[in-house]
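Report on the structure given below.
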Amino acid sequence: MSNKVTINNKIKSFSKKINVSGDKSLSIRWVLFSSLANGKSKAKNLLMSEDVLAAINAIKILGIKVIIKKNQCEIFGKGINGFKYKKNLKINAENSGTLGRLILGLLVNSPFSIKLIGDKSLSKRDFKRVSDPLSKFGAKFKLKNNKNLPLEIYGNKNLKPIYYNENKGSAQCKSAVIFAGMRTEGTTIIKAKKSRNHTELLSKYLKLPIKIKIKKNYDLIEVKKVNKIKKINYKIPSDISSGAFFMVLTALTKNAKLTIKNVNINSSRTGVITILKKMGVSIKYQNKKIYKGEKIADIIIKNPKLIKPIKCPTKYNSCAIDEFLIIFLVAAKAKGVSTFKDIGELNQKESPRLTWGNKILNSIGIKTKLTKNSIKIYGNPNVKVEKKIIIKNFLKDHRVFMTSVIAGLTFGGNWEIHDKSSIKTSFPNFLKIINQLKQ
Ligand code: S3P
């Protein structure tokens, strides 16, 4: 079967209700927490994507039983110290930075060294940002080029609590340190630049010994050793990062209207909504509720008459971090110049995303000014694409693929977008939902 998608027509107006798949960050965290719990945890609507299956394989390698049923996953945790460590264990995080980084926090007291590997994209990413703080607990690391995968972690039985200044706004590094703190006698203190807080919310829901003080520009987190985690039955809400592609598809399609059901609207994730609203897109919440500490709602989006440009305040960067590629498409159609600053972190993702965002915009004839850390986008409400555009060699970054599909469906032109299978890592149903909206 061909691994590319061709798009030759814009999508026609639609008015629909959709469900997108389960939240990836929550799915991976549920798997990891459940592997440490006592007894059988169950999840419904767990995201069945390659990243989450890699997390399930990882805990299986550590001796935890998992049963996947039709729409339910069961994990048989054996307690906080229930991993079965053996010599020469190898964990494959595949494409998942979240799995690769978080799981290291759980392995800091392994009696044997464990090898962590990943695919081509993950092997290019920075693991020193997580091995550095975990080394301070007393674990030791050997990394390729001192920075990359494959790496080897050597655990330590006498871990010491640390003070850690997390200044990148990385939820993955913060969460890895929280996990390591849970295995360590004493109090670990983290001063964390704002980033998604699912690990903290789940810890609080589980009544683990964690304290969080919310400050204006950072959070102060105190973690103590955890002795027991109760089993967790969880219905995973839908992923706003998956929903974002359809929000933008709606915003850029004349007369379109869309409801996305049951989405996690945790404010550390809703940057895309704040930014799109500021650009003139009508977005409303309905059926708001709180579920195990997470906010959930249906999201209703309408196509606006005119899109306004934005000077995007940097305070939205962390809560929109995975959505900038798709937001850039909205800026491309705005009446005026948009700027996004301090977003160099995008080049640390599955592919150099700032570079790819710029390439996609230039390929549809949008002028940009790019630096290592920022982009200026000269929007054009009348942008019309008539040429052939080929998108390939993007390190199979799912978000580059999906952004290109949305661009093809909204700007016109003849698109050939490679590596369709990239969506399997995070959003296997993406193209099915596109087809639903075409009918
Ligand atoms: C994630 C954190 C973010 C995000 C990633 C998921 C998480 O990465 O980009 O898609 O689940 O913790 P960083 O921690 O590198 O910012």
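The residues listed here are LYS311, LYS302; of these, the one that is under 26 Å from LYS12 (Cβ atoms) and among the charged types (D, E, K, R) is LYS302. Mind listing whichever residues of the range 222-262 are part of a loop (DSSP other than H, G, I, E, B), within 27 Å of LYS174 (Cα to Cα) and either touching a residue at least 60 places away in the same chain (Cβ under 8 Å) or assigned by TED's automatic domain parsing to the domain that holds VAL405 (or both)? Scanning the range 222-262 gives VAL226, ASN227, LYS228, ILE229, LYS231, ILE232, ASN233, ILE236, PRO237, ASP239.
The rows are residues; the columns are (1) under 30 Å from SER34 (Cα atoms); (2) among the small types (Gly, Ala, Ser); (3) modelled with pLDDT under 95; (4) in contact with a Gly (Cβ under 7 Å, 6 or more places away or on another chain).
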{"position": "ASP239", "(1), (2), (3), (4)": "yes, no, no, yes"}
{"position": "MET247", "(1), (2), (3), (4)": "no, no, no, no"}
{"position": "LYS261", "(1), (2), (3), (4)": "yes, no, no, no"}
{"position": "ILE265", "(1), (2), (3), (4)": "yes, no, no, no"}
{"position": "GLY280", "(1), (2), (3), (4)": "no, yes, no, no"}
{"position": "ASN287", "(1), (2), (3), (4)": "yes, no, no, no"}
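Those strands (runs of 3 or more DSSP E) of the range 131-198 in which 3 or more residues are within 25 Å of the chain's Cα centre (by Cα) and within 16 Å of the ligand (Cβ to nearest atom) occupy 163-166, 187-193. Of the candidates GLY357, GLY365, the single residue that is in a helix (DSSP H, G or I), of a type in the set (Gly, Ala, Ser) and more than 20 Å from ALA256 (Cβ to Cβ) is GLY357.
Checking the structure you have, find out if any residue of the range 22-33 is acidic (Asp, Glu), out of contact with any Phe, Trp or Tyr (no Cβ under 7 Å at 6 or more places or on another chain) and part of a helix (DSSP H, G or I). Taking every residue of the range 22-33 in turn, none turns out to be acidic (Asp, Glu), out of contact with any Phe, Trp or Tyr (no Cβ under 7 Å at 6 or more places or on another chain) and part of a helix (DSSP H, G or I).
Taken across the range 86-96, residues that are out of contact with any Gly (no Cβ under 6 Å at 6 or more places or on another chain) and among the hydroxyl-bearing types (Ser, Thr, Tyr) do occur, with at least one present.
Is the range 105-121 home to any residue that is within 14 Å of the ligand (Cβ to nearest atom), buried (at least 24 other Cβ atoms within 10 Å of the Cβ) and not in a loop (DSSP other than H, G, I, E, B)? Checked against the condition, which is being within 14 Å of the ligand (Cβ to nearest atom), buried (at least 24 other Cβ atoms within 10 Å of the Cβ) and not in a loop (DSSP other than H, G, I, E, B), the range 105-121 yields at least one hit.
The set of residues in the range 232-263 being farther than 14 Å from ILE434 by Cβ and either surrounded by fewer than 18 Cβ atoms within 10 Å (Cβ to Cβ) or of a type in the set (S, T, N, Q) (or both) consists of ASN233, LYS235, SER238, SER241, LYS254, ASN255, LYS257, THR259, LYS261, ASN262. Assessment of the range 389-401 against the conditions (in the same structural domain as PRO428 (by TED's automatic domain parsing), more than 22 Å from GLN172 (Cα to Cα), under 17 Å from the mean Cα position of the chain (by Cα) and crowded, with 21+ Cβ neighbours inside 10 Å) yields at least one matching residue. Scanning the range 307-325 for residues that are out of contact with any helix residue (DSSP H, G or I) (no Cβ under 8 Å at 6 or more places or on another chain) and crowded, with 23+ Cβ neighbours inside 10 Å turns up nothing. In this structure, is ASN287 crowded, with 17+ Cβ neighbours inside 10 Å and either in the same structural domain as GLY100 (by TED's automatic domain parsing) or not aliphatic (A, V, I, L, M) (or both)? Criteria not met by ASN287. Annotation: ASN227 fulfils all but one of (1) polar (S, T, N, Q); (2) more than 16 Å from the ligand (Cβ to nearest atom); (3) touching a Lys or Arg at 6+ places or on another chain (Cβ under 8 Å); the unmet one is (3).
The values are calculated or read from the model by the stated rules, or taken from the named source; none is laboratory data. Note that this is a predicted model, so its numbers are computed, not measured. So basically every Cβ, Gly included, is an ideal-geometry build from the backbone, and we count neighbours across all protein chains shown.
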